[in-house]
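Okay, so here's the structure we're looking at.
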Amino acid sequence: MLLETRALTKRFGGLRAVNDFDICVAEGEIVGLIGPNGAGKSTVFNLITGVLPVTSGTITFQGKDITRRQPEQVAALGIGRTFQLNPLFHEFTVLENVTSSFQLHPYSSLFDIFFNTPKYRRNEAFIREKAYEILELVGLSKEADELAKNLAHGHQKMLGVARALATKPTLLLLDEPLAGMNPSEIQHSLDTIRGMRDNGITVLIVEHNMQILSLCDRVVVISFGEKICEGSPAEVRANSEVISAYFGADYVC
Ligand SMILES: Nc1ncnc2c1ncn2[C@@H]1O[C@H](COP(=O)(O)OP(=O)(O)OP(=O)(O)O)[C@@H](O)[C@H]1O
Ligand SMILES: [Mg+2]
């Protein structure tokens, strides 16, 4: 398994936001993590990425225990993520937003940067080239020189994904990448996520929008911090009565 959590638990005071939660992701899979508001989905991401300390349980990535690693260590090991609130540098261009994420892979020493050495200039050119490749992948190459704040909402979400891709993840955690998107943006995003997998990136995706089921090899359903169902999209869909019982009538299956 690429990623595996065992009995993962997070308590906030008296609230068990994540309780005894097991999830595993094999290399090359797209796994969906779905559940109602407040179920603990983002908390699971925050635990895996070291943003929040776990209360108990373990997280293993590529066979290494990463349970108590710091966020920058987790990122350096190859776990990238997007955030539900999608923080961007709004006054920076699209390209600058992506190149600034490459800091995790410092190709230049301080000396090189300070003296603007040929090595530094080569590295900068390399980073720009890679950033353009990523923008191509997410469909934003035409917007490279646009300020992030001027992008349509769907494009801003894809820019968040592009920034995560710049950290060269083996495993990418996407937190509600489709939220607020219109139907054509959703279609484009689904194609982009498929394209990432074709580029060798494993994806764990949190979504409310059930259209992600068409992407997923496997789906895990979480409610009140606990896993209530796991299986193929077809199995989870077949379980729709159980799901609507948990999620309410307005939940679209
Ligand atoms: N830092 C925190 N401090 C205290 N409680 C928190 C914190 N983060 C999350 N919670 C609580 O933990 C529970 C799970 O929250 P979480 O954000 O993980 O849910 P979610 O499944 O991502 O929901 P949504 O679909 O609305 O994004 C909620 O009751 C939330 O209020
Ligand atoms: Mg959330």
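The values are calculated or read from the model by the stated rules, or taken from the named source; none is laboratory data. Only a predicted model underlies this, so the values are computations on that prediction, with no experimental measurement involved. Heads up, the Cβs are rebuilt from the backbone with ideal geometry, glycines too, and the neighbour counts pull from every protein chain shown. Please note that ligands, DNA and RNA were not included when accessible areas were found on the heavy atoms of the full protein model with its side chains. Shrake-Rupley method; radii C 1.70, N 1.55, O 1.52, S 1.80 Å.
Summary table below
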{"quantity": "Inter-residue pairs, beta-carbon under 6 Å, first within 13 Å of Ala7 (Cβ to Cβ) and in segment 41-66, second of a type outside the set (A, V, I, L, M) and within 16 Å of ligand 1 (Cβ to nearest atom), 6+ apart", "calculated": "Leu47/Lys10; Thr55/Thr9; Thr55/Lys10; Thr55/Arg11; Ser56/Thr9; Gly57/Thr9; Ile59/Thr5"}
{"quantity": "Test: residue in segment 51-72 that is within 16 Å of ligand 2 (Cβ to nearest atom), crowded, with 17+ Cβ neighbours inside 10 Å and under 28 Å from Arg194 (Cβ atoms)", "calculated": "no"}
{"quantity": "Strands (runs of 3 or more DSSP E) within segment 117-224 that include 1 or more residues under 15 Å from the mean Cα position of the chain (by Cα) and buried (at least 22 other Cβ atoms within 10 Å of the Cβ)", "calculated": "171-175, 202-206"}
{"quantity": "Test: residue in segment 113-132 that is among the aromatic types (Phe, Trp, Tyr), at pLDDT below 75 and under 30 Å from Asn46 (Cβ atoms)", "calculated": "no"}
{"quantity": "Matching residues in segment 1-14 - criterion: being within 16 Å of ligand 1 (Cβ to nearest atom) and surrounded by 14 or more Cβ atoms within 10 Å (Cβ to Cβ)", "calculated": "Thr5, Leu8, Thr9, Lys10, Arg11"}
{"quantity": "Where Phe21 falls short, out of the listed (1) in a loop (DSSP other than H, G, I, E, B); (2) of a type outside the set (Ser, Thr, Tyr); (3) open to solvent by less than 70 Å² (accessible area, probe 1.4 Å)", "calculated": "(1)"}
{"quantity": "Failed item in (1) touching a residue at least 40 places away in the same chain (Cβ under 8 Å); (2) away from ligand 1 (no atom under 16 Å from the Cβ), with Asp191 passing the rest", "calculated": "(1)"}
{"quantity": "Residue list for segment 73-104, restricted to those being in contact with a strand residue (DSSP E or B) (Cβ under 7 Å, 6 or more places away or on another chain), open to solvent by less than 30 Å² (accessible area, probe 1.4 Å) and not in a strand (DSSP E or B)", "calculated": "Gly78, Thr82"}
